[in-house]
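Written below as structure tokens is the structure these notes are about.
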Amino acid sequence: MKKAIFAVLCIAPLAACTPTEQGATVGAVSGGAIGAAVSHNAGGALAGAAIGGAAGALIGHASEGGNQCRYRDRYGRTYVARCPSNY
């Protein structure tokens with residue numbers, strides 16, 4: 001039960017992140033785990049985390065869509081609309 005609560009507490013902050021940040025986080029964690037499992041040393045884990053984080057960020061950024069910004073209205077609702085021309 002403690003592990004489940006810990007996992008939820010670690011994952012919950014990702015809800016407020018953009019898709020790019022979420023992709024980078026998931027990619028870095030997955031890459032680090034795979035790198036550690038394959039190489040059995042810290043260097044492999046660091047390399048896997050770096051590669052996974054970069055790949056996850058690229059995939060997350062591609063899923064955001066071009067020229068779209070995220071806004072919040074005065075009631076706290078979030079919506080996506082076209083970015084201003086000078087942005």
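Residues in segment 1-22 that are surrounded by 10 or more Cβ atoms within 10 Å (Cβ to Cβ) and not in a helix (DSSP H, G or I): CYS17, THR18. Residues in segment 27-53 that are under 28 Å from ARG70 (Cα atoms) and surrounded by fewer than 20 Cβ atoms within 10 Å (Cβ to Cβ): 4 in all.
As for segment 68-87, it holds no residue that is among the aromatic types (Phe, Trp, Tyr) and assigned to a helix (DSSP H, G or I).
Bear in mind these aren't lab numbers, they're just calculated from the coordinates by the rules spelled out. The shown structure was predicted, so the numbers you read here are calculated from the model rather than taken from an experiment. Quick reminder, even Gly has a Cβ in these numbers, built from the backbone with ideal geometry, and neighbours come from all protein chains shown.
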